[in-house]
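Novice: One structure coming up, written as structure tokens, with questions to follow.
The values are calculated or read from the model by the stated rules, or taken from the named source; none is laboratory data. Keep in mind it's a predicted model, so treat the numbers as computed, not measured. With ideal geometry, Cβ positions are generated from the backbone for all residues, glycine too; neighbour counts draw on all protein chains shown. Side chains included, ligands, DNA and RNA excluded: accessible areas come from the protein's heavy atoms. Shrake-Rupley method; radii C 1.70, N 1.55, O 1.52, S 1.80 Å.
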Amino acid sequence: MQIPADSITDYISKIPEERQEVFKKLFDTINDNLPEGFRENISYGMVGWGVPLETYPAGYHCAPGTPLPFMALASQKNFIAFYHMGIYADPELLNWFVAEYPKYSKRKLDMGKSCVRFKKLDDIPFELIAEVSKKMTVEDWINTYETQFKKSKESASKEK
């Protein structure tokens, strides 16, 4: 469920009212803890953070000419989704997050590759989200992206 929005304020105003306060708190938690250099945006119908083209002119290989995505938040039908590409790309960071989660939440971790789903808004582990937001700098993310994603895409196109 994508929400068409021109700004983050516009996006938040369009999600169900009962989620707005929690969503805004999650947004602020991430925004206040991300290392310097990431820039907030609206992309793929979500609130996101990425590496701007001024910093990484190559941009995102799946959508040339767009910033390199890193993290995102989305209000879905039955949950708030938190996306962290570093968790997806870095097994060490994934293992850390999975091990830490039970220390911050009594609920079972509901997670896909890069997506953590929060169905119960009263049990979002804001402190853990703050910690994971600090773990990867822009430089770390670019290096991880280039070794994990870009190389494999380039190798696949050379094999054809």
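Novice: Can you tell me how much longer the chain between Asn31 and Arg19 gets when fully stretched, taken as 0.36 nm per residue apart minus their C-alpha distance, in nm with one decimal?
Specialist: So the chain would gain 2.5 nm between Asn31 and Arg19.
Novice: When the accessible area of the chain is computed with all protein chains present and a 1.4 Å probe, what percentage of it is carbon and sulfur?
Specialist: C and S atoms contribute 49 percent here.
Novice: Would you calculate, for the chain, the mean residue ellipticity at 222 nm contributed by helices, counting each DSSP H stretch of 4 or more residues as -39,500 (n - 2.57) and dividing by all residues, to the nearest 500?
Specialist: -12500 deg cm²/dmol
Novice: Right, something else. Taking just the C-alpha trace of segment 1-93, give me its Rg and Dmax in Å.
Specialist: Taking only Cα atoms of segment 1-93, I get Rg and Dmax of 13.4, 39 Å.
Novice: While we're on this one: Ignoring ligands, DNA and RNA, what accessible area per residue does segment 51-90 give at 1.4 Å, in Å²?
Specialist: 39
Novice: Show log10 I(q)/I(0) for the chain at q = 0.08, 0.09, 0.18 Å⁻¹, two decimals, from a solvent-free Debye sum over equal Cα scatterers.
Specialist: -0.23, -0.30, -1.16
Novice: In addition: Do the alpha carbons of any pairs in Lys14/Lys103; Lys108/Lys134; Lys77/Lys135; Lys14/Lys108; Lys24/Lys119; Lys25/Lys134 sit beyond 25 Å of each other, and which pairs?
Specialist: Lys14/Lys103; Lys77/Lys135; Lys14/Lys108, as the Cα separations exceed 25 Å there.
Novice: Can you tell me the dipole magnitude for segment 1-113 around its Cα centre, using point charges on the Cβ only (Lys, Arg +1; Asp, Glu -1), in Debye to the nearest 20?
Specialist: 500
Novice: OK, next. Looking at the chain, send over the antiparallel percent of its DSSP beta bridges, to the nearest 5.
Specialist: Within the chain, antiparallel bridges account for around 100 percent of the total.
Novice: Among rounded, prolate and oblate, which fits segment 1-45 when a ≥ b ≥ c are the square roots of the eigenvalues of its C-alpha gyration tensor, a/c under 1.5 means rounded, and a/b larger than b/c means prolate?
Specialist: Oblate shape, in that a/c is at least 1.5 and b/c is the bigger or equal ratio.
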